[in-house]
């Protein structure tokens with residue numbers, strides 16, 4: 001059930017430094033990647049469940065790829081594989097030519113949002129600093145270069161006014177700005193964002209998308225797991241649609257079609273376009289309106 | 001209260017118990033620092049559970065004539081391992097601690113009941129007995145506390161990352177499972193030392209109260225540990241310095257001072273939030 005679209009040659013309308021790079025300078029290269037989980041109580045590959053098989057994806061610098069699909073299709077697990085925390089059953093994932101490994105600082109990640117409770121003893125700046133120095137051993141004494149990088153990332157995320165406030169006193173959208181600052185503090189080549197807009201109001205959604213676009217203009221490639229593609233539709237270069245019956249990669253016009261999604265879901269699905277918005281109607285798991293449950 | 005306090009021979013007394021004073025001071029600092037992580041990882045109740053099993057271990061050692069601190073360490077490491085392995089999620093952890101705690105306390109009381117020695121020593125394990133600890137033991141207490149301090153300093157940053165922001169820490173490659181195990185080991189050792197000094201029932205006064213107070217007045221990841229260590233030091237050191245001049249045990253002084261610090265911090269936090277509310281209105 002593998003669908004392979006021609007890939008890598010359409011980059012939406014966003015002009016990035018990436019556009020001038022020679023072909024083959026992919027930031028991320030996923031080849032023949034498959035992931036199969038052993039079924040509970042069984043061992044060996046025969047009783048497993050395929051999350052995705054034969055996934056091929058080359059991501060160019062500055063490119064934004066939206067990852068869509070129903071809960072349980074393996075979107076977050078794909079991120080874990082890219083972060084080197086989830087071994088593949090087959091295939092390989094390379095970052096700038098090297099096999100992915102844990103703790104690679106060339107990847108920044110905005111994990112699925114968890115609101116910090118009010119009592120967390122941490123300032124906005126501290127959250128970003130952890131992203132910069134948190135993996136190093138020793139006491140939390142920051143060098144000047146680290147402080148400068150943290151300040152720059154906070155500024156880039158438009159969060160300067162939030163830097164010295166307790167993180168627990170900030171709204172979800174404000175916390176998300178700081179999470180983004182944390183993810184870009186090392187100027188990553190690849191940014192992974194796992195539903196970064198969920199539970200944000202429209203204004204904050206727009207602000208976060210603008211910040212991500214600004215980061216892409218600096219050459220950072222972005223993989224963006226979205227529950228609802230509409231807030232980012234204008235920025236999306238390509239879509240990776242993961243579904244239980246296979247996956248599809250292509251532009252939104254190529255992927256978000258009734259025939260394609262019906263095929264992916266194995267049931268009739270209508271894709272409706274109203275002005276510039278896309279709605280999927282009648283899917284077994286209506287993903288644009290599905291509940292926000294963690295997939296595992 | 002006549003005769004409870006007598007500071008006339010204070011200087012000479014202080015010299016006699018200087019080892020205990022040093023042990024108290026170091027425990028105050030270590031307890032304040034590790035308490036910050038106890039709060040961040042939501043493990044206050046687990047500390048209580050570990051301390052009861054540590055008490056059982058110490059009482060068991062007393063009964064069979066073994067070294068009490070060693071018994072205490074064995075008990076608290078066993079509890080730390082059980083809680084660490086079975087209680088990864090907070091809810092599981094609380095139920096496991098709730099089950100372990102009475103078991104440990106009951107076991108300890110059984111061992112003490114079987115122990116033929118003097119009763120005065122017996123309850124020291126529950127409520128504190130630092131002045132009764134001999135010199136060789138004091139060396140071991142101080143050595144253990146310093147080892148914990150050094151280990152904590154080494155893993156500080158990744159431990160803070162994992163405690164405050166586990167999802168990002170994992171994405172960044174921090175090994176959460178490994179850090180948890182090391183943290184439980186350090187916590188177990190700290191509790192074992194604290195049981196010797198302020199007693200199993202009162203361990204929280206040095207491992208939780210100072211950090212809880214510090215979090216009330218600051219949110220900075222640098223200021224909170226410093227304040228917490230200072231609060232722990234003031235409580236422990238102040239407690240023993242007052243106790244030396246009195247006929248009362250050390251523990252109530254330590255617990256009262258640390259509680260008073262907590263109250264003051266709450267008061268400061270309350271005043272601050274009222275002031276900022278007023279500013280918003282005006």
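Determine the calculated [θ] at 222 nm for chain B from helices alone, applying -39500 (n - 2.57) to every DSSP H run no shorter than 4 residues and normalising by the residue count; nearest 500 deg cm²/dmol. Roughly -27000 deg cm²/dmol at 222 nm, from the helical runs in chain B. Considering only alpha-carbon pairs that sit under 8 angstrom and 6 or more positions apart, the relative contact order computed for segment B:34-111 is 39 percent. Partner shielding of A:124-131 amounts to 5, given as the average count of beta-carbon atoms from other chains within 10 Å of each residue beta-carbon. Given Cα pairs under 8 Å that are at least 6 residues apart, what percent is the relative contact order of segment A:122-186? With pairs under 8 Å counted, the relative contact order is 52 percent.
Taking every alpha-carbon pair under 8 Å whose residues sit at least 6 apart, chain B reaches a relative contact order of 31 percent. The mean number of partner chain beta-carbon atoms within 10 angstrom of a residue's beta-carbon across peptide B:148-159 is 3.
Could you compute how fast segment B:10-205 diffuses translationally, taking Rh as the Kirkwood radius over C-alpha pairs and applying Stokes-Einstein at 37 °C with viscosity 0.692 mPa s? Give it in µm² per second. D = 193 µm²/s.
Within the listed set B:14, B:233, B:152, the residue fluctuating most in the Gaussian network model of chain B (springs between alpha-carbon atoms under 10 angstrom) is B:14.
Peptide A:135-148 shows a mean partner chain C-beta count of 3 within 10 Å per residue C-beta. In plain terms, the C-alpha convex hull of the protein assembly as shown casts an average shadow of 32.6 nm² when viewed from every direction.
The modelled label-to-label distance between residue A:96 and residue B:134, using points 7 Å beyond Cα along the C-beta direction, is 6.3 nm. Out of all DSSP beta bridges in the protein assembly as shown, what portion is antiparallel? Express it as a percent rounded to 5. DSSP beta bridges in the protein assembly as shown are roughly 60 percent antiparallel.
No value in this document is a laboratory result; all are computed from the given coordinates. Remember, predicted model here, so these are calculated numbers, not experimental data. For neighbour counting, all protein chains shown are included, and Cβ atoms are generated from backbone atoms with ideal geometry for every residue, glycine included.
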